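In what follows, a structure is listed as structure tokens, so that the remarks can point back to it.
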Amino acid sequence: MREFCTKWWKRIATTDMLFIAILTLIASFIGTFLKQFDGFSLLGPLIIALLIGMVIQFPIRSLYVGSNDSRKAGVKDAAGLISNKLLRLGIILLGFKLNLQVLFTQGIKCLPIAAVIVTLVIVVTYLIARALKVSPMLAILTAGGTGICGAAAVMGLSGSITVPEEDEEEKADNEVMAVATVAIMGTIFALIEIALFPALGLTPAQQGVAAGASLHEIAHAVAVGGAFGEEALNMATIMKLSRVLMLVFAAIIIAIWWDRTHSTVKHEGKRKVAFPWFMLGFIAASVLGTYVPFLTAISAQLVDVAYIVLGMAMAALGINVNFKAIASKGAKAVLASFIASVLLVAFAVLVAKLFF
């Protein structure tokens with residue numbers, strides 16, 4: 001235990017860690033501030049923080065790192081540690097956003113629909129991406145982000161996938177490409193739905209259900225639902241949170257599937273699956289936030305903390321991003337997500353008309 005604590009203390013208690021932690025915290029706060037403005041609200045705080053991280057990596061390299069190899073390694077390690085560990089903490093805290101009582105009462109009809117949508121979209125998006133020669137990891141992360149809840153789903157699923165240490169950098173690049181893909185698609189389709197839905201003769205409730213069932217980020221669903229009134233906003237939120245709940249099951253299933261079909265991690269003795277334990281924390285937070293009165297009262301504040309923590313993780317991810325990898329590998333993932341998103345919107349509208 002002493003050796004373990006000493007090892008981690010040496011990684012955490014460094015100037016580079018403090019420097020990157022402050023920068024990512026500032027980036028997260030900026031994302032939270034900007035989300036209140038039109039345009040930025042469609043992106044959401046996590047995507048804004050990621051973009052800030054991608055931009056500030058250049059002054060970090062030129063002004064702070066320079067030719068100092070020790071600082072270069074320190075910055076890379078600090079950003080990697082923040083993006084990895086704070087991601088899990090943020091996902092757990094995000095569980096306080098999921099009111100199970102609302103889902104199991106008002107949203108009871110939405111839950112089986114969400115399960116079907118998430119399953120179909122992940123499978124279809126993955127198959128399309130693989131047909132386009134997208135790598136398995138980028139394909140599954142893009143599929144998860146498209147089918148479940150955007151950036152949070154990408155990072156949550158990524159946390160369920162283990163790779164050898166030498167492949168961690170490639171994994172981080174895939175995370176950024178998948179997050180960028182679903183952010184672009186979500187924003188495009190949010191604007192399309194705002195223009196399209198009034199022409200389809202949908203009721204406000206149907207508009208909300210279709211938005212919540214088809215859009216990628218919670219911010220996208222809220223923006224479109226809000227554009228059509230309070231009833232649409234309420235249904236969009238419930239439908240979207242039903243899909244968010246599916247992240248727990250998807251993360252577990254994908255962890256098992258990846259370990260059996262694509263994992264290159266060497267195991268000694270009996271094979272062990274990298275179970276995403278933090279997802280149990282997500283469920284625990286949902287239960288506590290729903291049924292424990294004093295936590296229910298502060299659940300909104302805890303969700304705010306979750307977005308700050310996740311914003312730091314996203315900014316840290318942006319700091320380590322490899323732009324050449326995105327340019328060479330990202331286009332086909334975008335195309336796969338676009339095709340799947342078109343099919344998803346059509347299916348969501350059909351579901352809304354048939355069941356609501």
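The values are calculated or read from the model by the stated rules, or taken from the named source; none is laboratory data. Note that the structure is a prediction, hence the values are computed from the model and not measured. No Cβ is skipped: glycine too gets one built from the backbone with ideal geometry, and neighbour counts run over all protein chains shown. We work out accessible area using only protein heavy atoms, side chains counted, and drop any ligands, DNA or RNA first. Shrake-Rupley method; radii C 1.70, N 1.55, O 1.52, S 1.80 Å.
A few comments on the model shown:
- Rounded accessible area of T237 (nearest 10 Å², 1.4 Å probe): 50
- Excluding ligands, DNA and RNA, the accessible surface per residue across the chain is 46 Å² with a 1.4 Å probe.
- Of all accessible heavy-atom area on the chain, the percent that carbon and sulfur account for (1.4 Å): 69
- Legend: distances between Cα atoms for K35/K332; K109/K240; K85/K324; pairs beyond 22 Å are K35/K332; K85/K324.
- Under the span-like rule (Cα at least 18 Å along the axis, Kyte-Doolittle mean at least -1.0), DSSP H helices of the chain: 15-34, 45-59, 69-94, 110-131, 168-196, 230-261, 278-291, 299-319, 323-355
- The range 165-249 pair-distance distribution - Cα-Cα, 10 Å bins, rounded %: 19, 41, 24, 11, 4, 0
- Considering the range 75-155 at the alpha-carbon level, its Rg and Dmax are found to be 15.8, 47 Å.
- A crude spin-label estimate for the pair I108 and D304, with each label 7 Å from Cα along the Cβ direction, gives 3.5 nm.
- Whole-Å distance, taken between Cα centres, linking the range 39-83 and the range 154-187: 16
- Contour excess over end-to-end distance, with Cα ends at F58 and L280 and 0.36 nm allotted per residue: 76.2 nm
- Once C-alpha pairs closer than 8 Å and six or more residues apart are averaged by separation and normalised to the residue number of the chain, the relative contact order reads 33 percent.
- Extension reserve of the A346-I30 stretch, reckoned as 0.36 nm per residue once the Cα distance is removed: 110.2 nm
- GNM top mover of D304, D38, D77 - the chain, alpha-carbon springs below 10 Å: D38
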